[in-house]
1. Give me the residue from the range 468-496 that is over 30 Å from Ala51 (Cβ atoms), of a type in the set (S, T, N, Q) and in contact with a helix residue (DSSP H, G or I) (Cβ under 8 Å, 6 or more places away or on another chain) and, out of that set, surrounded by the most Cβ atoms within 10 Å (Cβ to Cβ).
2. Can you name every one of the helices (runs of 4 or more DSSP H) wholly within the range 670-765 that holds 1 or more residues which are modelled with pLDDT of 95 or more and out of contact with any Lys or Arg (no Cβ under 6 Å at 6 or more places or on another chain)?
3. Is it the case, given these coordinates, that Leu360 is open to solvent by less than 10 Å² (accessible area, probe 1.4 Å), closer than 27 Å to Leu11 by Cα and either touching a residue at least 12 places away in the same chain (Cβ under 8 Å) or in a strand (DSSP E or B) (or both)?
4. Can you give me the number of residues within the range 21-46 that are open to solvent by less than 30 Å² (accessible area, probe 1.4 Å), in a loop (DSSP other than H, G, I, E, B) and in contact (Cβ under 8 Å) with a residue 24 or more places away in the chain?
5. May I ask you to say which residue of Gly626, Gly615 is modelled with pLDDT of 95 or more, of a type in the set (Gly, Ala, Ser) and not in a loop (DSSP other than H, G, I, E, B)?
6. Check the range 568-582 and report whether any residue there is assigned to a loop (DSSP other than H, G, I, E, B), farther than 27 Å from Asp477 by Cβ and of a type in the set (Gly, Ala, Ser).
7. Quick check on the range 248-267. Is at least one of its residues open to solvent by 10 Å² or more (accessible area, probe 1.4 Å) and modelled with pLDDT of 95 or more?
Amino acid sequence: MCTVSERIKNLKELLFKNKREISLERAKLYTESYKNTEGQPAILRRAKATAHILNNVQIVINDGELIVGGRTVKPRSGIASPEMSPYWIYDELDTLATRPQDQFYISEEDKEFFRNELFPFWKGKSLKDLVNSRLPNNVKNAQKQRIIKLNQTDKGQGHIIPSFDKVLNKGLGYMIDEVKEKMKKNPNNNFYKAALITLEATQNHIERYGKLARDMAVNEKNQNRKKELLEISRISYKISKYKPDTFYEALQLFWYINIALQYESNASSISPGRFDQYMYPFYKKDIENGLDIEFAKELLRCLWLKMNDVVLLRSQESAKYFAGFPTGYTIILGGLDRNGRDAVNELSYLILDTYGDIKLPQPNLGVRINEKTPREFLIKTAETIRLGTGIPQVFNDEVIIPAYLNRGVSLEDARDYAVVGCVELSIPGKTYGLHDIALFNLLKVMEVTLKESNGNFNSYNELIDAIKKNINKYVKDMIEGSNVVDQAHREFAPTPLLSCFVENALKTGMDITSGGAKYNFSGVQGIGVANLSDSLYIIKKAVFEDKEITLPELVKILNNNYKDNEILRQKFINKYPKYGNDIDDVDYCGSEILSHYCKEVEKYKNIRGGFFQPGSYTVSAHIPLGEAVGATPDGRLSGEQLADGGLSPMVGMDKNGPTAVLKSVSKIDTYLISNGSLLNVKFNPSVLEGIEGIRKFIGFLQSFMRLKLQHIQFNIVSAETLRDAQKHPEKYKNLVVRVAGYSAIFIELNKSIQDDIINRTEHIL
């Protein structure tokens, strides 16, 4: 690793110098526009509001920046979107700075402005109001029971990979001309009108940076910095109209588009996708023409720091599910190309190198591996994982590509898959997948099933049939609720700018929320597989086979949270084997239920004509979802967390080593969970020491691949270090750990999540 420049040190320090604040600037500008567009079609109102923001928001170029552009003047500021829901913000104005997770400072002046101006305007008019007015009682009841959780009810829609390759290879001017040609043939199409408004506003926004850089250069005394500012100005004016020709120009245009898309939706996980593929031609050409590779690295480091400038403001409840600001700048490296050839290139290595120089939560790097992946790239991946930030995560082409074929995706497109947000699988530039539209608590369904009957089942199979029947019932509720949310986004919050970067939208003249994308999925996650496996096995063995206790007796004990039955609870925890130890009888209990859930989900279509597809990941929701579930037969007490990740074993229950964990997870039909899955594994740092450690770790990755698991990620940090960080946070300001499908700064997490990470089994190889 090289020693980073003073520029990078200073820019990194600037990110964390001051406390996070809330910016109301976007909300003010958005509301100003909406006051002037009353009665107009929603898509035009959205476009004009986005344009008003892009044309008027304050912009800044910080000292030393080479890549410029940001959502707010102050670093790492949260942006409020009262049009999505003004209610939680109003309720939490006085607690935002002191809440347990993801605190933000907000001035008294801004509090009053929100209370007196923004809240009265949006009360009764927000996306949340529209969703709530349409949710039927059965869906509300399922939510109240915490069996399902509907997402995207109070926030803009992200979780998408725009076609950055299109704008980089053709330019903004080309895209504007393309829309104008469409408008000649379809003069009354409001989508085309909205698309043009937003594209031209993006163009103007970029030119504003060109002017700012030029003006700053006039008064700049440092001649080197003056040259840099003039170059930023030149690049900005050029790429506002024409396609980039150099690596620097391509990186800057890429970032400007990201910022514009953020202003439109203020959404998480507008992800870069296969960055090493579409950026490589620019890099290769420049290197051949004599570009200093160290300058190319410096540009990448500057871009990575920019990605860490974007943090998302969520409600206190939502922050439990997405703790630590997972903004979802997920970049995927390597894998196969559209022709089935290995796609690793020099830029793939360079990205891992430069990430190692900054070691922050973003970009959320991932690596695709397959039988053709070069060993050198596996070594580089392992060396980067050894840094201990939980990055990169690893995805398996050998199962994900066939899983997409199972969903009707073409072979070429399936080979081109990437990842949005945490672990959600998507086809870049072609999919509007609503990947995170709902969570389904499988363990809660088991609890409800047991309570409904007081445990009066004559056999284990009778219980399983009843659980499956309830899954069918509540999946239907989840589908109904998800479609209500989907329809609300179509009517209230279309995304004409984002739609310009998704294939088929311009061709069909439809916003992606109306079905304009090539692929239209809705992703719903089945949660609780590990605890379900462990609980069902104990019921099967202790109740129906060994007859140590009757099921009604067990249900009564669970209802009383094991009161006066601690000996029995410890017996359930310690005597009976658990998921994650490669024991078929245990592992198949949960995999059978998850497969049933998946096959039930895939029967349904969404309102855009696409299919619902299941996944199995929790982000950090295993803690709040556990709060909703009473005591369970695996020895969990009421309200305790569920197993982390999605497919990970319950904390501390994987006792037979990491390979046994892989083999347990391999018994799940991973071809079915095509929306994504998540497996956390924690290693002691000593495991990856030296050449021998790297060699063993690569063998472990190859086992993961050949066992057909979808995803794996790692924490390479000792519990001792994490405990010390809890006690002395001032000493660990830069300690980054893996939470779920993302990494976060450890001291910015609340204690319950910190404890969860500490308590995960620390494996050796």
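1. Taking the candidates together, the pick is Asn470.
2. Hits in the range 670-765: 690-706.
3. yes
4. Of the residues in that region, 1 qualify.
5. Just a single option satisfies the conditions, and that option is Gly615.
6. Scanning the range 568-582, I find at least one residue that is assigned to a loop (DSSP other than H, G, I, E, B), farther than 27 Å from Asp477 by Cβ and of a type in the set (Gly, Ala, Ser), so the answer is yes.
7. Yes, the range 248-267 contains at least one residue that is open to solvent by 10 Å² or more (accessible area, probe 1.4 Å) and modelled with pLDDT of 95 or more.
Yes/no matrix, rows are residues, columns are (1) within 15 Å of Gly645 (Cβ to Cβ); (2) free of Cβ contacts under 8 Å to residues at least 24 places away in the same chain; (3) basic (Lys, Arg):
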position	(1), (2), (3)
Tyr671	no, no, no
Ile691	no, yes, no
Leu701	no, no, no
Glu720	no, yes, no
Asn759	yes, no, no
Ile764	no, no, no
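The values are calculated or read from the model by the stated rules, or taken from the named source; none is laboratory data. Here the structure is a predicted model, which is why all the values come from computation and not from measurement. Backbone-built Cβ (ideal geometry, glycine too); neighbour counts: all protein chains shown. When the accessible area is computed, the model is the full protein with side chains, heavy atoms only, and any ligands, DNA or RNA have been set aside. Shrake-Rupley method; radii C 1.70, N 1.55, O 1.52, S 1.80 Å.
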